[in-house]
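I have placed the structure first, in the form of structure tokens, so that the comments after it can refer back to it.
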Amino acid sequence: MSTPAPLVQLVDIPQRGDARGQLSVAELGGALPFPVRRVYWIHWTNPGVSRGFHAHKKLHQLCVCVAGSVRLSLFDGKSEESVVLDSSAKGLLIGPGIWREMHDFSPDCVLMVFADAEYDEADYIRDREVFTRYVTG
Ligand code: T46
């Protein structure tokens, strides 16, 4: 029997800083395990706001908190885990079939997300009960 993949999958993002400041690199075959078709970023989040509350059917994403901090909560239908992203040196991989919520955004948070497909609302499951039925069969 194969071991299930861990819910929280963090990848190292190479840091190429020097005396001038920081430079972080996400490239295919390095931190990025998939070709990127879309990049978006979440910022200027209003105080107390949480986001997400959905899963994807097919989408793979890499989330990098390039400024500030945010807590992501992940749920695969059985277990739930939280991880705080507060460094551009770590990326969080989120594959299909994972319910995600984003909480505790710091006011300066910039969450950059690399995705392997264009935006498609049909790929979203936005109801947690529907999601649980989807992953548990
Ligand atoms: C995810 C988490 C981490 C677009 O038109 N194009 C896009 O590429 C995206 C991402 C969103 N939108 C529209 C859809 C909604 O009308 O922008 C609006 C806000 O999207 P949403 O409410 O889905 O945002 P979040 O922050 O709840 O979720 C987003 C991503 O949608 C999602 O894929 O995994 O960030």
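The values are calculated or read from the model by the stated rules, or taken from the named source; none is laboratory data. Just so it is clear, the model here is predicted, and its values are computed rather than measured. Don't worry about glycine lacking a Cβ; one is built from the backbone with ideal geometry, like all the others, and counts go over all protein chains shown. SASA here: full protein model, heavy atoms, side chains in, ligands and nucleic acids out. Shrake-Rupley method; radii C 1.70, N 1.55, O 1.52, S 1.80 Å.
Figures for the structure shown
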read-out	value
Residue match in segment 26-40 (condition: modelled with pLDDT of 95 or more, aliphatic (A, V, I, L, M), more than 13 Å from the ligand (Cβ to nearest atom) and open to solvent by 30 Å² or more (accessible area, probe 1.4 Å))	yes
Subset of segment 89-106 [buried (at least 19 other Cβ atoms within 10 Å of the Cβ) and within 21 Å of residue 24 (Cα to Cα)]	91, 92, 93, 94
Of all residues making up segment 113-123, the number that are open to solvent by 40 Å² or more (accessible area, probe 1.4 Å) and within 10 Å of the ligand (Cβ to nearest atom)	4
Flag if residue 53 is farther than 15 Å from residue 9 by Cα, of a type in the set (Phe, Trp, Tyr), assigned to a loop (DSSP other than H, G, I, E, B) and within 11 Å of the ligand (Cβ to nearest atom)	no
Some residue of segment 13-25 being touching a helix residue (DSSP H, G or I) at 6+ places or on another chain (Cβ under 6 Å), open to solvent by less than 80 Å² (accessible area, probe 1.4 Å) and assigned to a strand (DSSP E or B)	no
